[in-house]
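Engineer: Pasting in a structure now, in structure tokens, and then I'll have a few things to ask.
The values are calculated or read from the model by the stated rules, or taken from the named source; none is laboratory data. All figures in this text were calculated on a predicted structure; none of them were measured in a lab. Cβ placement follows ideal geometry from the backbone for every residue including glycine, while neighbour counts extend to all protein chains displayed.
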Amino acid sequence: MHELSHDIVSTATGARRARAATEEMYSVLSQVVADRRAAPGDDLTSALIAAREEDGDRLSEEELAATLLLVVIAGHETNLHLITNAVRALSAHRDQLARVLAGEVGWDAVVEETLRYDSPVSYFPFRYPTTDLTVSDTVIPRGAPVLASCTAAGRDPLAYGPGADRFDVARESDVRNLAFSHGPHYCLGAPLARMEATLALGMLYERFPDLVLAVPEAELPPHPSFIGNSTHTLPVRLTGGGAG
């Protein structure tokens with residue numbers, strides 16, 4: 001499912017492979033639905049099936065499958081990028097890592113600062129202004145497609161001050177970010193994503209506190225996606241002595 005998820009969202013995937021990956025993913029999810037229908041459990045899939053069977057007008061079979069696809073990709077790709085971006089930032093800011101390892105700052109603060117500093121999601125789907133808008137010196141015509149960059153928003157000095165480009169794990173805890181979107185489209189998995197990343201980072205550095213990058217930062221290949229923001233790979237050395 002990891003490979004299928006990557007092929008579906010990657011801009012390096014050809015159209016034929018992307019379609020095949022999507023079809024294969026739906027096939028896997030159809031089997032999951034069949035298994036949960038036969039033996040319901042205390043899980044999201046079973047709950048969605050129950051809602052579907054209780055009121056067919058509320059959730060069609062196609063919407064059930066599409067929702068599961070979204071949950072798999074959004075719950076996997078984004079958290080993978082969040083953890084990767086946090087490790088990359090801590091490797092480049094050893095002084096910040098030292099503060100966390102010393103217990104001055106919690107891993108939850110690292111997660112929040114990573115969400116702001118290097119959001120795991122680059123862009124959300126197109127927005128279309130209902131009237132002409134002027135942003136700085138640029139006029140955006142009514143109806144023009146607009147991609148809003150969550151990554152760029154996290155470095156906005158108007159929102160975060162002159163230190164917006166600085167990775168600071170001790171930044172004020174009430175500073176908001178747009179990594180999980182906003183309003184009615186706010187990510188329903190945000191609490192789970194925060195918990196997963198906090199636990200993963202704490203356990204990783206508890207075992208490997210001297211972890212460093214194995215290659216220079218400039219050599220890290222970008223993730224081939226306009227949705228996800230991270231590196232395609234992150235080579236590390238678990239016991240120090242890396243490129244730093």
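Engineer: May I ask you to say which residue of A66, A51, A12, A86 is at pLDDT 95 or above and among the hydrophobic types (A, V, I, L, M, F, W, C)?
Structural biologist: A86
Engineer: So which residues in the stretch 138-150 are modelled with pLDDT under 90 and either in contact with a Pro (Cβ under 6 Å, 6 or more places away or on another chain) or more than 22 Å from H93 (Cβ to Cβ) (or both), if there are any at all?
Structural biologist: Once the filter is applied, which keeps residues that are modelled with pLDDT under 90 and either in contact with a Pro (Cβ under 6 Å, 6 or more places away or on another chain) or more than 22 Å from H93 (Cβ to Cβ) (or both), the stretch 138-150 yields L147, A148, S149.
Engineer: Under the condition of being under 18 Å from the mean Cα position of the chain (by Cα) and among the hydrophobic types (A, V, I, L, M, F, W, C), which residue from the stretch 198-219 is surrounded by the most Cβ atoms within 10 Å (Cβ to Cβ)?
Structural biologist: Restricting to residues being under 18 Å from the mean Cα position of the chain (by Cα) and among the hydrophobic types (A, V, I, L, M, F, W, C), the top hit is L201.
Engineer: If M195 satisfies all but one of (1) loosely packed, with under 14 Cβ neighbours inside 10 Å; (2) in contact with a Pro (Cβ under 7 Å, 6 or more places away or on another chain), what's the number of the condition it fails?
Structural biologist: Failed condition: (2).
Engineer: Write out, first by first residue and then by second, each pair whose Cβ atoms fall under 7 Å of each other, whose residues are 6+ apart or on separate chains, and whose first residue, in the stretch 1-21, is assigned to a helix (DSSP H, G or I) while the second is among the small types (G, A, S).
Structural biologist: These pairs meet every condition: L4/A21; D7/A18; D7/A21; I8/A18; I8/A21; V9/S225; V9/G228.
Engineer: Okay, moving on. Could you say which residue among A20, A34 is of a type outside the set (D, E), at pLDDT below 95 and over 19 Å from F226 (Cα atoms)? Let's see the steps before the verdict.
Structural biologist: Numbers: A20 fails: at pLDDT below 95.
Criteria check complete, one pass: A34.
Residues checked against (1) farther than 13 Å from V110 by Cα; (2) touching a residue at least 12 places away in the same chain (Cβ under 8 Å):
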{"position": "T151", "(1), (2)": "yes, yes"}
{"position": "G163", "(1), (2)": "yes, no"}
{"position": "F167", "(1), (2)": "no, yes"}
{"position": "E172", "(1), (2)": "no, no"}
{"position": "G189", "(1), (2)": "yes, yes"}
{"position": "A197", "(1), (2)": "no, yes"}
{"position": "D210", "(1), (2)": "yes, yes"}
{"position": "A214", "(1), (2)": "yes, yes"}
{"position": "P222", "(1), (2)": "yes, no"}
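Engineer: Let me ask something else about it. When you check A159 against the structure, is it under 30 Å from T239 (Cα atoms), over 17 Å from the mean Cα position of the chain (by Cα) and in a helix (DSSP H, G or I), yes or no?
Structural biologist: On the way: under 30 Å from T239 (Cα atoms): no; over 17 Å from the mean Cα position of the chain (by Cα): yes; in a helix (DSSP H, G or I): yes.
Answer is no for this residue.
Rundown of residues vs (1) polar (S, T, N, Q); (2) assigned to a loop (DSSP other than H, G, I, E, B); (3) out of contact with any helix residue (DSSP H, G or I) (no Cβ under 8 Å at 6 or more places or on another chain), yes/no style:
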| residue | (1), (2), (3) |
| --- | --- |
| R194 | no, no, no |
| G202 | no, no, no |
| D210 | no, yes, yes |
| T233 | yes, yes, yes |
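Engineer: For the stretch 224-232, indicate whether the set of residues that are exposed (fewer than 14 other Cβ atoms within 10 Å of the Cβ), under 23 Å from S10 (Cα atoms) and either free of Cβ contacts under 8 Å to residues at least 12 places away in the same chain or in contact with a strand residue (DSSP E or B) (Cβ under 8 Å, 6 or more places away or on another chain) (or both) is non-empty.
Structural biologist: Within the stretch 224-232, one or more residues are exposed (fewer than 14 other Cβ atoms within 10 Å of the Cβ), under 23 Å from S10 (Cα atoms) and either free of Cβ contacts under 8 Å to residues at least 12 places away in the same chain or in contact with a strand residue (DSSP E or B) (Cβ under 8 Å, 6 or more places away or on another chain) (or both).
Engineer: Identify the single condition in (1) under 19 Å from L199 (Cα atoms); (2) among the small types (G, A, S); (3) part of a helix (DSSP H, G or I) that S119 does not satisfy, given that it satisfies every other one.
Structural biologist: Exception for S119: condition (3).
Engineer: From the list A179, A153, which one is modelled with pLDDT under 95, aliphatic (A, V, I, L, M), touching a helix residue (DSSP H, G or I) at 6+ places or on another chain (Cβ under 7 Å) and within 25 Å of S225 (Cα to Cα)?
Structural biologist: A179
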